[in-house]
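K.L.:
Sharing a structure below in C-alpha cells format, with a few things to ask.
The values are calculated or read from the model by the stated rules, or taken from the named source; none is laboratory data. Everything quoted here is computed from the prediction, not taken from an experiment. Cβ atoms come from the backbone with ideal geometry, glycine included; neighbour counts cover every protein chain shown. Accessible surface areas use protein heavy atoms only, side chains included; no ligands, DNA or RNA. Shrake-Rupley method; radii C 1.70, N 1.55, O 1.52, S 1.80 Å.
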Amino acid sequence: MLRVGQEEIDAIARVIRKGGLFRYPDNGIGQCGLFEKRYAEYLQVKHVTMASSGTAALVAALAGLGVGPGDEVIVPCHTYMATVVAVLAVGAIPVIVDIDESITLCPEAFEQAIGPCTRAVIPVHMWGLPCNMDAIMSISEKHQLLVVEDACQAVGGAYNGRKLGSIGHAGAFSFNYFKNMTCGEGGAVATNDNRVAQKAGCSIDCCRFFWNPEDADLYSFSASGARASEIEGAMMNAQLDRLDPLIALLRRHKKRILTQTASIPGLQPNPLHSAADECGTHTHFLLPTPAAADEFATRAGGTVCGKTGRHTYTEWDYILNHRAGHHPAMNPFTWEANKPCRKNYSPDMCAKSLEILNRTVMIGNNVDRTDADVEAQIAAIRAAAPAVL
Ligand SMILES: *Cc1c(COP(=O)(O)O)cnc(C)c1O
C-alpha cells in the first residue's frame, strides 16, 4: 500500500449508493471495465482483465497462453511463492533458476536451463526492480518461448520506457495490500493478443461468455472464479490516479539515498536494469559477506534479502516436496504427461543465488517519509558502513 484515503472512500461510497456491485452492469461500462480500459492505456497494451488476486492473474496468463501438462516453465529462485504455485495450478512444472546481483532472473542461467520441454519463462520484477528484459526477450525469441512477466511487485515501473508487464506475451499484476496500487486484494492480467485475453478471461470467470457474448466464438473451459467486484474497480480507479506521482516520489527519495551514499568507501549498491524507470520501493546494497550484511541490516535499518522467508525457493516446500494439488490425482508432479519434465529440486540447487541474497541488504522506501526522514536514513547508512566494511 502506498497511499489510501478520501478519494477511495468517496469512490467506493458512490458505488454502494448507486447499488450495482456486479462488474457487468445492464448497460454501459462499470468501474472494473473503466479501470481495465484506463490501465490498458497506461500500459500501452490492448487488453487488461481484472482478477481477485495476482496469483489468479498469473494462472490466467499461463492458461491464456495455453501452458499446461508436459510444459516446463522457468522461474527465478527468488520470488513470492505464488509464481511457482501458478505454474503448478495449470498443470505445468516449474524449473527454478538462479538470479544475479540485480536480484532478478539471470539471463545466462535462464538460457542454460532451457531444455526440450521448456515452453515459457516468468521473469519477476522483484522488489520493483526491472529484469534484464532485452536479454530475456531475445533468448526467448531464439528458443521460441512464451514470456509471462510477473509484475506483481512492480506496478508503475518500466523498462527503457515500456511499462513492466507490457513487454512479454502477457503480464500479471497484484493489487494486494502490500503492492504499489491496492484494493485490499486484487490483480490484473495484460496482453496484446485478443485470443490470449479471451482465454485468460475465461480462467478468471467461468461464466465470462455469458457476460461477454462477443467472445462466445471461443471454446470455453471450466475454470475457477476470480472475478473482481465494482468496489475493487472503483478503488483501483482512484489508485491509478495516484500512481505516477507516488512512484516519482519514491524514485526521488531513492536517488537521494544512492547519490549521498555513493562516496562511502566499499559500499556497493546492487546493479540495476533501467535504473531511471524502476519503482524505487527499496534500495539494495551488496555487502562483502553474509555476516557483514546481517550487521549492516541491523545498524542501517534494513532486511537481508535472503531472510524474508517466503521469497526464496528454500522455503517453498510445495516444490521441494512435490506437494501440489488438493487431491493425490491432481498433483502435476505425478502425471504421465510431466514425466519428461525436470523436477529434481534440492535446497542447494541455487547456491550462488543464496550467497547473493544473503549478502544483499534492502532498505524499504516509503511515500510518507519527509525529506528529513530520508536524511536520517542516509545518516544511519553512513554510520553503519564503517562498522561492517
Ligand atoms: C504479491 C505477488 C504475487 C501474488 O499476488 P497475490 O495478489 O497475493 O495473489 C505474485 N508474485 C509476486 C512476485 C508477488 O509479489
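K.L.:
In region 197-304, which helices (runs of 4 or more DSSP H) lie fully inside it and hold 1 or more residues that are among the aliphatic types (A, V, I, L, M) and either within 30 Å of ALA51 (Cα to Cα) or open to solvent by 30 Å² or more (accessible area, probe 1.4 Å) (or both)?
P.N.:
In region 197-304, 230-261, 290-300 are the helices (runs of 4 or more DSSP H) which contain 1 or more residues that are among the aliphatic types (A, V, I, L, M) and either within 30 Å of ALA51 (Cα to Cα) or open to solvent by 30 Å² or more (accessible area, probe 1.4 Å) (or both).
K.L.:
Looking at (1) near the ligand (Cβ under 8 Å from one of its atoms); (2) aromatic (Phe, Trp, Tyr); (3) farther than 22 Å from ARG252 by Cβ, which is the only condition PHE178 fails?
P.N.:
(3)
K.L.:
Consider LEU88 carefully, then state whether it is over 25 Å from GLY161 (Cα atoms), of a type outside the set (D, E, K, R) and within 15 Å of the ligand (Cβ to nearest atom).
P.N.:
The answer is yes for LEU88.
Results for (1) open to solvent by 80 Å² or more (accessible area, probe 1.4 Å); (2) over 16 Å from THR314 (Cβ atoms); (3) outside any helix (DSSP H, G or I); (4) modelled with pLDDT under 95, shown as yes or no for each residue.
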{"residue": "HIS326", "(1), (2), (3), (4)": "yes, yes, yes, yes"}
{"residue": "ALA337", "(1), (2), (3), (4)": "no, yes, no, no"}
{"residue": "ASN344", "(1), (2), (3), (4)": "yes, no, yes, yes"}
{"residue": "ASP348", "(1), (2), (3), (4)": "yes, no, yes, no"}
{"residue": "LEU354", "(1), (2), (3), (4)": "no, no, no, no"}
{"residue": "ALA376", "(1), (2), (3), (4)": "no, yes, no, no"}
{"residue": "ALA383", "(1), (2), (3), (4)": "no, yes, no, no"}
{"residue": "PRO386", "(1), (2), (3), (4)": "yes, yes, no, yes"}
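K.L.:
Find the residue count for region 11-53, including only residues that are within 23 Å of ILE247 (Cα to Cα) and open to solvent by 60 Å² or more (accessible area, probe 1.4 Å).
P.N.:
Residues meeting the conditions: 5.
K.L.:
Just wondering, is there one or more residues in region 321-332 that are under 19 Å from ASP98 (Cβ atoms) and in contact (Cβ under 8 Å) with a residue 40 or more places away in the chain?
P.N.:
Quick first cut of region 321-332, residues under 19 Å from ASP98 (Cβ atoms) only: none.
No, that holds for no residue.
K.L.:
From the list GLY54, GLY28, which one is at positive phi and not aromatic (Phe, Trp, Tyr)?
P.N.:
Sole residue among the options that is at positive phi and not aromatic (Phe, Trp, Tyr): GLY28.
K.L.:
Go through (1) outside any helix (DSSP H, G or I); (2) among the small types (Gly, Ala, Ser); (3) open to solvent by less than 30 Å² (accessible area, probe 1.4 Å) one by one and return the number of the condition ALA56 breaks.
P.N.:
Among (1) outside any helix (DSSP H, G or I); (2) among the small types (Gly, Ala, Ser); (3) open to solvent by less than 30 Å² (accessible area, probe 1.4 Å), ALA56 violates only (1).
Residue-wise test of (1) away from the ligand (no atom under 16 Å from the Cβ); (2) surrounded by fewer than 23 Cβ atoms within 10 Å (Cβ to Cβ).
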| site | (1), (2) |
| --- | --- |
| MET81 | no, yes |
| PHE110 | yes, no |
| GLY128 | no, no |
| ASP134 | yes, yes |
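K.L.:
Among the listed residues GLN198, GLN153, identify the single one that is within 16 Å of the ligand (Cβ to nearest atom) and of a type in the set (S, T, N, Q). Break it down into steps so the answer makes sense when it comes.
P.N.:
Values: GLN198 fails: within 16 Å of the ligand (Cβ to nearest atom).
Only one candidate passes the filter, namely GLN153.
K.L.:
Can you give me the number of residues within region 329-345 that are within 24 Å of the chain's Cα centre (by Cα) and among the hydroxyl-bearing types (Ser, Thr, Tyr)?
P.N.:
Residues in region 329-345 being within 24 Å of the chain's Cα centre (by Cα) and among the hydroxyl-bearing types (Ser, Thr, Tyr): 1 in total.
K.L.:
Another question, then. Kindly indicate the residue of region 156-175 that is away from the ligand (no atom under 14 Å from the Cβ) and of a type in the set (S, T, N, Q) and also surrounded by the fewest Cβ atoms within 10 Å (Cβ to Cβ) among those meeting that condition.
P.N.:
ASN160
K.L.:
Still on this structure: Can you name the residue in region 6-47 that is over 21 Å from PHE178 (Cβ atoms) and β-branched (Val, Ile, Thr) and, of all such residues, is nearest to the chain's Cα centre (by Cα)?
P.N.:
For region 6-47, the residue satisfying everything is VAL45.
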